[in-house]
């Protein structure tokens, strides 16, 4: 079971749901939300609902290509953790891959841990460098 | 304050889509020799303050004032915009700055703010200022003493070299 593949372009942010075999959400570019990030909240709610319905064990959120995220958008990640922990039907865990070269991600992730508890795993990994063809 | 201490001075249009260009310009303008963390932090600080100014400021004056300068061992960013003196948004801003400054540490303030977001998903605003204090490593103050104007100042030690702050 996996997430349906879809790609969303919003300003300079690009989100691919169902990437890398179906269980990854890739977020790249700049996420600058106005108005309490309503569309992002809805997207998070949709992904959560799909993960619950399809009984996924894990959803990976790959933030390595995200160069900036404002506080309003960041709230959506906190609210995702709330959904995850308070929905009794949710069995999946969230794995966030963050880029250690982005200091704001390192600092922000450290604080998020407290809210994700055992449902949140954070991997710090640099973006893959495309291999040069021989 | 010497004129040479001013690193960047801008009148910024109230344009949401233009904020990222200013964020990048502020990061580039941080004094030569500053470490990457300081540049990134001051860029973020500029963006969060400009967002507040665009969202909650009045249309007069038309532009938002932004000044980045050195002050002794510190670097300081000031954002000034028009505001309705009776606005609840101004009260919220003043309260939020005071709330942040009442904590023993920036980390405590940030964790308390995230706990509020977790507990009340529909609550509006407030995380940007706390982010400036915690993630940006800044002390924040707010001056609304001039009628129709509010200025927010964020200041941190200027760290030079390539190491982490």
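The values are calculated or read from the model by the stated rules, or taken from the named source; none is laboratory data. The model shown is predicted, which means the values in this text are computed figures rather than measured ones. Don't worry about glycine lacking a Cβ; one is built from the backbone with ideal geometry, like all the others, and counts go over all protein chains shown.
Here are a few things to note about the model shown:
- All positions within the range A:17-39 that are surrounded by 19 or more Cβ atoms within 10 Å (Cβ to Cβ) and either free of Cβ contacts under 8 Å to residues at least 12 places away in the same chain or within 19 Å of residue A:85 (Cβ to Cβ) (or both): A:25
- Restricting B:33, B:82, B:72 to residues that are in contact (Cβ under 8 Å) with a residue 60 or more places away in the chain and at positive phi narrows the list to B:33.
- Residue within the range B:104-124 that is under 24 Å from residue B:17 (Cα atoms) and under 12 Å from the mean Cα position of the chain (by Cα) present: no
Conditions tested, residue by residue: (1) facing chain A (nearest Cβ under 9 Å); (2) surrounded by fewer than 13 Cβ atoms within 10 Å (Cβ to Cβ).
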position: B:87; (1), (2): no, no
position: B:101; (1), (2): no, no
position: B:104; (1), (2): no, yes
position: B:107; (1), (2): yes, no
position: B:117; (1), (2): yes, no
position: B:122; (1), (2): yes, yes
position: B:141; (1), (2): no, no
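- Test: residue in the range B:41-59 that is surrounded by 19 or more Cβ atoms within 10 Å (Cβ to Cβ), closer than 21 Å to residue B:137 by Cα, at the interface with another protein chain (Cβ under 10 Å from one of its Cβ atoms) and without any contact (Cβ under 8 Å) to a residue 60 or more places away in the chain: yes
- Residue among B:109, B:102, B:31 that is closer than 26 Å to residue A:30 by Cα and either touching a helix residue (DSSP H, G or I) at 6+ places or on another chain (Cβ under 8 Å) or modelled with pLDDT of 95 or more (or both): B:109
- Filtered by the rule that a residue be buried (at least 20 other Cβ atoms within 10 Å of the Cβ) and out of contact with any strand residue (DSSP E or B) (no Cβ under 6 Å at 6 or more places or on another chain), the range B:143-155 gives a lone residue, B:150.
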